[in-house]
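Computed from the coordinates by the stated procedures, all read-outs in this text should not be read as laboratory data. What you see is a predicted model, and the numbers here were worked out from it, not measured in a lab. Here Cβ is always computed from backbone atoms with ideal geometry, including for glycine, and neighbour counts include all displayed protein chains.
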């Protein structure tokens, strides 16, 4: 739901979020009067903060405390009230160039160096994925009978990644009386058909195969193989390597938001043992329509589908190396300097897209 705010309400929300980011303390009207030139009285500010609270943009952690931004408040702050600094973006690019450009880096070392600098500049956990081919293309497909009633489906992509799966052939197809050599010949014919139809196409296109062009006598394989090929198409959305280069864990966990040991443990477990899920999130297309128009994606609090980081913000962007692409991002508490974090992520993505690899 789109929240309509007056200019004054937006200004008070901006000041509240900015003050809370700086202090990590609930914000009261007197603090805003003292720190910002708002041109209104403390009583007026209190009334406006009350309106913002009713709109779900602020909340009181305790009845006697000041107010704290909600995820929705941060969202309006990010979408409407700030402009990432182009000057800071250029400054970060210069730091990356000065720190990394003079060395003969391999890609692994380049990503590690960039991750360390990104974590230092943002004060967050930095996350960088290896570049991957955005669309895996079929190079070869083969069906091989491994024993009676069991067939191995082998798929080789253009990057020479190999995927395989065992398919159980129902008795109606295999038949007790059919010779093994007959099955082998049929599988070769079906393999030839599949290669002629699918070679050079994205694995994501395999689900749309027109089986009607296969000779009628082999149609009984279509339903069985369609399911297996669809599984390969789904598998292609996540590459074999989902390793993420991570830096800055120790410094961000010193933030007051991570004072509870249980929360720290869940985040650490996710970073150590659930990298595939994290990879999917960093590399996924943004859900929000306005985020799709932006170079940088910002997921705030509960917008993150992974439970361990629903009290965090994840800011990410895509970098490109030839036909391949990877993602770079930072993870921190929702109370972070969004202007700076967005600029840093944007600059890092630009640098990784252009950096020379020896």
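Which angle between 0 and 90 degrees, to the nearest 10, do you get for helix 261-273 versus the longest principal axis of the chain when only C-alpha atoms count? So the helix axis and the longest Cα principal axis differ by about 30 degrees. Directionally averaged projected area (the stretch 7-81, Cα convex hull): 4.5 nm². Of the residues 305, 256, 84, the one that moves most in a GNM of the chain with alpha-carbon contacts below 10 Å is 256. Full extension of the chain between residue 323 and residue 302 yields a length gain of 4.2 nm, computed as 0.36 nm times the residue separation minus the alpha carbon distance. Among 251, 97, 148, the residue with the largest mean-square fluctuation in a Gaussian network model of the chain, with springs joining Cα atoms closer than 10 Å, is 148. Given the convex hull over the Cα atoms of the stretch 74-148, what projected area results after averaging over all orientations, in nm²? Dividing the Cα hull surface by four gives the mean projection, 10.9 nm².
The separation of the stretch 289-358 from the stretch 1-62, counted between C-alpha centres, amounts to 27 Å. Helical runs assigned H by DSSP (4 residues or longer) give the chain a calculated mean residue ellipticity at 222 nm of -13500 deg cm²/dmol, each run adding -39500 (n - 2.57) before division by the residue total.
FRET efficiency for the residue 284 to residue 140 pair, using the beta carbon distance and R₀ = 30 Å, is estimated at 0.55.
The gain in end-to-end length when the residue 91 to residue 104 segment is fully stretched comes to 2.4 nm, 0.36 nm per residue minus the alpha carbon separation.
Give me the angle, in degrees from 0 to 90, between the Cα long axis of helix 86-100 and the longest principal axis of the Cα atoms of the chain, rounded to the nearest 10. With rounding to tens, the tilt is 60 degrees. Short-range pairs are left out: with C-alpha atoms under 8 Å and at least six residues apart, the relative contact order of the chain is 21 percent. How tilted is helix 107-122 with respect to the longest principal axis of the chain? Cα atoms for both, answer in degrees (0 to 90, nearest 10). Long axis of 107-122 versus the principal axis of the chain: about 20 degrees. By the beta-carbon count within 10 Å of each Cβ, the least crowded to most crowded order of 152, 49, fewest first, is 152, 49. So what does log10 I(q)/I(0) come out to for the chain at q = 0.07, 0.08 Å⁻¹, using the Debye formula with one equal point on every Cα and no solvent? Each listed q corresponds, in turn, to -0.45, -0.55. Rank 309, 125, 48 by mean-square fluctuation in a GNM of the chain with C-alpha springs under 10 angstrom and give only the top-ranked residue. Taking springs between Cα atoms under 10 Å, the residue moving most is 48.
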